[in-house]
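Worksheet for the structure shown next.
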Amino acid sequence: MSPPVFRFAPSPNGYLHLGHAFSALLNFDLAREAGGRFLLRIEDIDPTRCRVEFETAIYEDLAWLGIAWETPVRRQSEHLDAYRKAVEQLTAQGLLYPSFESRAEIARLVAEREAAGPWPRDPDGAPLYPGAARSLPAVDRLRLIEAGTPYALRLNMAAAGARVKDLTWTEQGEGPAGEHGTVPARPEAWGDVILARKETPTSYHLSVVIDDALQGVTDVIRGQDLFWSTSVHRLLQALLGIGPPAYRHHRLIHDSAGQKLSKSTKATALRELRADGATPADIRRLVGLS
C-alpha cells in the first residue's frame, strides 16, 4: 500500500499565526506517526492579496517550527490550466453559468430581499446569491462577455444537486456541533457558489478539490471553520469523478477574547512570538501539542 499523504495549504496573504502552527504541526506529526508524506502547498490564486514576502515568511516559520516538507512546493498560481480543465468539464455538464453583478449590486439585491424578510445565508454567514443570472438568455450572456463585463462562474446548485444525491463523508475528527462519523453533505446550504472568475479560472472550493486529487492527498486535516465547506467539496468530487480523502477537522485556536485568530492579529503571529523570544517548544505548548 502507498503511504498516506498529508498536507498543509496556507495562503500567502498574511503572516502565519498560532492557529496555522497548530494545523501544520498536527499534520506533520500525524504524517510522521503514520510513516506518510507531508506536503506544503501555497494557495496563491488571489493576486490582489498574496505577496512574495508572506510566502517567504511561511517557509521561514515552518522551518523554525521544525517542520520539513517535500519539494517542489505546489503553488496554485503555476497550475491554472488544471483548474481550467475542471471548469470546462463542469461547463460541458451544463452546471456553470456567468453572473455579472458587482459586489455592490449583490449587496443592494440582498438588502431589497431582506426588506421583505430574512434572506438565507451560508454556513459562513454570507448571504446566498440573490441574482437572476441563472435565467439570463444566452444571447445576453454572450453580449456581456464580449463587451468585457467582469463575471463570476457560479455552480447551478439545483442542477448539480439533482445529478448527485445523498452525499456523505466520514468525519474522523469533530464538527462545530460535535459531528462525527458519517456526516450528510448539505451543499445546497451554500447556494450557487462561485467556482471561477473571468480573471481567475478557479476559486478556493474548486482548486482545493483539484489539488488534493492531483497530489494524491489521502488525509485532509484542517480547522472546524472549514467543516461545512466539505459539503461543497464532496459535491465537486462527485461531479468530477474524484474519490474523497479522509477528513478530520480539528479545534480552532482562539485569542484571549475567545475570537478565532486572524492574520491581522500581530500578537499571535509566529514571527512576532519568535521575536519576543518564544521557542518552537513554547509554540507547541501554546497550541496544546506539548
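The values are calculated or read from the model by the stated rules, or taken from the named source; none is laboratory data. Remember, it's a predicted structure, so these values are computed and weren't measured experimentally. Cβ sites come from the backbone with ideal geometry, for glycine too, and all protein chains shown count toward neighbours. The area values use the complete protein model at the heavy-atom level, side chains included, leaving out ligands, DNA and RNA. Shrake-Rupley method; radii C 1.70, N 1.55, O 1.52, S 1.80 Å.
What the table below lists for this structure:
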| read-out | value |
| --- | --- |
| Boolean, Ser135 is over 23 Å from the mean Cα position of the chain (by Cα), within 27 Å of Leu236 (Cβ to Cβ) and polar (S, T, N, Q) | yes |
| Where a residue in region 102-117 is closer than 14 Å to Ala132 by Cα and its partner, wherever it lies, is open to solvent by less than 60 Å² (accessible area, probe 1.4 Å) and modelled with pLDDT under 95, with Cβ under 9 Å and at least six apart | Glu105/Gly131; Ile106/Gly131; Leu109/Gly131 |
| All positions within region 268-288 that are touching a residue at least 60 places away in the same chain (Cβ under 8 Å) and either of a type in the set (S, T, N, Q) or closer than 14 Å to Gly66 by Cβ (or both) | Thr268, Leu270, Arg274, Pro280, Ile283, Arg284, Val287 |
| Qualifying residues in region 231-260 (those that are open to solvent by less than 50 Å² (accessible area, probe 1.4 Å) and of a type in the set (Gly, Ala, Ser)) - the one nearest to Val217 (Cα to Cα) | Ala246 |
| Residue match in region 276-290 (condition: open to solvent by 70 Å² or more (accessible area, probe 1.4 Å), more than 24 Å from Gly14 (Cα to Cα) and assigned to a loop (DSSP other than H, G, I, E, B)) | yes |
| Condition check for Arg141: surrounded by 15 or more Cβ atoms within 10 Å (Cβ to Cβ), assigned to a helix (DSSP H, G or I) and of a type in the set (Lys, Arg) | yes |
| Region 169-180 residues that are closer than 21 Å to Gln237 by Cα, paired with ones that are surrounded by 14 or more Cβ atoms within 10 Å (Cβ to Cβ) and β-branched (Val, Ile, Thr) (beta carbon under 6 Å, 6 or more apart) | Trp169/Val183; Trp169/Thr230; Glu171/Val183 |
| Single residue of region 170-189 satisfying the filter (open to solvent by 20 Å² or more (accessible area, probe 1.4 Å) and hydrophobic (A, V, I, L, M, F, W, C)) that is nearest to Gln89 (Cα to Cα) | Ala189 |
| Test: Leu273 is crowded, with 20+ Cβ neighbours inside 10 Å and within 26 Å of Glu55 (Cβ to Cβ) | yes |
| Some residue of region 191-206 being touching a helix residue (DSSP H, G or I) at 6+ places or on another chain (Cβ under 7 Å), among the acidic types (Asp, Glu), in contact (Cβ under 8 Å) with a residue 12 or more places away in the chain and open to solvent by less than 30 Å² (accessible area, probe 1.4 Å) | yes |
| Region 207-221, subset open to solvent by less than 10 Å² (accessible area, probe 1.4 Å) and not hydrophobic (A, V, I, L, M, F, W, C), residue farthest from Ala132 (Cα to Cα) | Asp211 |
| Filter pass, Gly125 being in a loop (DSSP other than H, G, I, E, B) and either over 16 Å from Ser231 (Cβ atoms) or open to solvent by 30 Å² or more (accessible area, probe 1.4 Å) (or both) | yes |
